[in-house]
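Q: Sharing a structure below in structure tokens format, with a few things to ask.
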Amino acid sequence: MKISAGNSNEIRVEQIDGLGGPWIVRVYHKALFFKRRVSSDWFLDENQAKKFAAQLAQTLSNHGSLDEVRSRQPGWTLRRPEH
């Protein structure tokens with residue numbers, strides 16, 4: 001599954017055959033004829049991977065930058081929880 005996140009960013013959700021089932025969410029930045037991987041996150045559940053990818057796409061297309069993705073701590077927290 002491929003999601004366009006604006007500003008030449010692309011998010012891919014994929015499951016690689018032969019690895020046993022983990023889902024991988026990768027963020028790429030496209031420039032001319034090249035694309036560079038910015039981040040890679042692994043999940044055991046397809047729904048979690050798709051939900052994370054949708055949240056990441058929304059963050060990047062609205063106001064986020066690749067620096068925000070690169071500098072975040074490991075784990076799922078992209079935004080502060082709303083109270």
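Q: Filter region 1-58 down to the residues that are β-branched (Val, Ile, Thr) and modelled with pLDDT under 85, then identify the one that is surrounded by the fewest Cβ atoms within 10 Å (Cβ to Cβ).
A: So the residue we want is 16.
Q: Continuing with the same structure: Could you list, ordered by first residue, the pairs with Cβ atoms under 7 Å in which the first is in region 1-21 and basic (Lys, Arg) and the second is loosely packed, with under 12 Cβ neighbours inside 10 Å, at least 6 apart or interchain?
A: Close Cβ pairs satisfying both conditions: 12/2.
Q: Let me ask you something else. Suppose we keep only residues that are at pLDDT 75 or above and of a type outside the set (A, V, I, L, M, F, W, C) within region 59-83. Which one would you say is surrounded by the most Cβ atoms within 10 Å (Cβ to Cβ)?
A: Applying the filter and picking the extreme gives 59.
Q: Name every residue in region 8-42 that is under 17 Å from residue 70 (Cβ atoms) and either among the polar types (S, T, N, Q) or in contact with a helix residue (DSSP H, G or I) (Cβ under 7 Å, 6 or more places away or on another chain) (or both), in order of residue number.
A: Within region 8-42, 8, 9, 11, 25, 27, 29, 38, 39, 40, 41 meet the criteria.
The values are calculated or read from the model by the stated rules, or taken from the named source; none is laboratory data. No experiment lies behind these values; they were computed from the predicted model shown. Counting neighbours? That spans all protein chains shown, and the Cβs are built from the backbone with ideal geometry, glycine included.
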